[in-house]
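Structure, as C-alpha cells:
No value in this document is a laboratory result; all are computed from the given coordinates. Source: prediction; values computed, not measured. Here Cβ is always computed from backbone atoms with ideal geometry, including for glycine, and neighbour counts include all displayed protein chains.
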Amino acid sequence: MEPKILLYDDVIKNTEGKDRILLLGNGFSMAYDNKRFSYTSLLSSAIETGIIKRNSALHEAFILFKTEDFETIIKALENAERILQAYNYKSIAEIKKDAGDLKTYLVKVITNNHPDKCTDVSNKEYLAAIKFISQYNRIFTLNYDLLLYWTTMKYKELVETKKIKETLDISDGFASIDKNEEYVRFVSEPNILYLHGGLHIFDKGDSIVKNTYSRTDIPLKEQTLSNLKKNIYPVFISEGTSEQKLYKVMHNAYLNVCYRRLEKLSKTKPLIIFGSKLTSGDEHIRDAIMGSNCETIYFPVASKKQLKEKGAAEFLHAAEHAKKPKTVYFYDYRTVNVWGK
C-alpha cells in the first residue's frame, strides 16, 4: 500500500505535546532565496568563474589529491613550501602564491552569493522563520551558511526584550572565556547543532571558536580572510563523499560532538527532516539516524512520484532494515512556509 503524504500541519498536530527534533538541509536556505543558495561544488564554482584556471597547476593539485576540499589543498601547498625551503629549492614562489590566493578564493567563493549582513533579512522573514523553528526542542542542520545562526540571534533578541516567549533553547555551546577576546569558545554541548560546521565557526588549533560581529564590528568576509591568514580555518564541510565527510567529522572536536548527539536521538522524540533527502554525500547522516533509538521520522517529499525516487525510497528501505524499529511518515514540504513568502 502506497504511503499517504501528509500536510505539514498534520505533522505538527500528530506530534503535539512531544519534544520534536528538526533536521535542516539546504532546502531551508533555498526557501529563503532559491538562486542565491543553489550551491554547486565550490571547486566547480571557482573554475566556472575563473577564480581557478582549468588545468592549471593549482587545479591539477585538486585532481592529484582526489579532493574538492580547499583546506586540504591549502595545507598541502603550505607543507610543500616548507619542505622545498628545507631543501633550498629555488622556485617556490608559485606555490606560495597559490596557497595565499587559495585562501582569498575560499572566502570569495563561499561568501559570493551569501547576504553580507543579518539586516539583509527582513523582520517579516525572521518572524516567520522563528515561528517555524520555535515548534522544535532541538535543531540539527547540515547548512554552513548563516541563515539559521542569524535567525537564532534574532530569536534571542526578541526573547530578551520580552517581545516573544522562549520555547526553544538556542544555546550553541559557545561561551565567553575572556572578555578581551574577539571570539567565544566551544565549551559545552549545544542544542543548535551544525553537523557540517558553519561560516562563523573556526578551528583555532587549541580550541573551536565562534566569531561574533558584536565583538568586532567586522563583516564576515573580512573576519574569515583575517583568520585564514593566521591559519585559522572555518569549520565547514561542503564537498566530498559521505566517507570523506565523516572522516572530517570524526577528526574535529565540535563536529564530533554534534554527530554523536545525532546518533543518540531518543525513541520518544519524533524527528522531522526538512530540506534534505540525505543522499549524494549525506548517507552518514542517514546512517546515524538509523542507528539511533528514534522511532518516528517525518520525511519530506513533493509528490507521490518522489516516493519511488532515490531519496525517499532509499530512506524507507534503510528504515525497514534498521536494527532498531523505525516508522517513516511522508509529508509535502511545499506546505511549509518557512520565511513567510
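Going by C-beta contacts inside 10 Å, put 258, 294, 118 in order with the fewest on the left. Numbers along the way, then the final one.
Details: 258 21, 294 26, 118 16.
Listed from fewest to most nearby Cβ atoms, that is 118, 258, 294.
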Among 211, 26, 252, residue whose mean-square fluctuation peaks in a GNM of the chain (springs only between Cα atoms under 10 Å) | 252
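Just subtract the alpha-carbon distance of residue 171 and residue 256 from 0.36 nm times their residue separation and send over the number in nm, one decimal. Please report the intermediate quantities before stating the final value.
Values: separation 85, 0.36 × 85 = 30.60 nm, distance 1.72 nm.
That works out to 28.9 nm of additional length.
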For a quick protection proxy, order the peptides 197-206, 60-69, 326-335 by their average other-Cβ count within 10 Å, most packed first.
-> 197-206, 326-335, 60-69
Note the full-extension length gain between residue 216 and residue 36 as 0.36 nm times their separation in residues minus their Cα-Cα distance, in nm to one decimal.
-> 62.2 nm
Taking +1 at the Cβ of each Lys and Arg and -1 at the Cβ of each Asp and Glu, which of 175, 95, 328 sits farthest along the dipole of the chain towards its positive end, judged by Cα position relative to the Cα centre?
-> 328
Cα-based Rg/(2.2 N^0.38 Å) for the stretch 42-111, rounded to two decimals, is 1.09
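What is the local net charge at residue 20, summed over the other residues whose Cβ is closer than 9 Å to its Cβ (Lys, Arg +1; Asp, Glu -1)?
Details: positive: 18, 138, 269; negative: 19.
Every neighbour counted, the sum reads +2.
Counting Lys +1, Arg +1, Asp -1, Glu -1, what net charge surrounds residue 158 among other residues with beta carbon under 14 Å of its beta carbon? Intermediate values should be presented prior to the final figure.
Details: positive: 124, 131, 154, 156, 162, 163, 165; negative: 125, 157, 160, 166.
It works out to a net charge of +3.
Net charge near residue 230, counting Lys/Arg +1 and Asp/Glu -1 over other residues with Cβ under 11 Å of its Cβ?
Details: positive: 103, 204, 229; negative: none.
Net local charge, residue 230 excluded: +3.
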Can you give me the three principal axis dimensions of the stretch 1-157 from its C-alpha atoms, in Å, biggest first?
-> 69, 45, 28
Please report, largest first and rounded to whole Å, the three semi-axes of the ellipsoid equivalent to the chain, where each semi-axis is the square root of five times an eigenvalue of the C-alpha gyration tensor.
-> 36, 24, 19
Which trypsin sites (Lys or Arg not before Pro) in the stretch 148-197 pass both tests, a DSSP loop state and at most 11 other beta-carbon atoms within 10 Å?
-> 162, 163, 165, 179
Given H placed 1.01 Å from N in the peptide plane, which residues other than close sequence neighbours of residue 298 have an amide H under 5 Å from its amide H?
-> 271, 272, 273, 329
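Please figure out what share of the DSSP beta bridges in the chain is antiparallel and state it in percent, rounded to the nearest 5. Can you show the working numbers first?
Numbers: 11 of 32 bridges.
The antiparallel fraction comes to roughly 35 percent.
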Here are some pairs, 4/248; 103/179; 96/204; 53/210; 35/179; 269/308; which of them have Cα atoms lying more than 31 Å apart in this structure?
-> 4/248; 53/210; 35/179
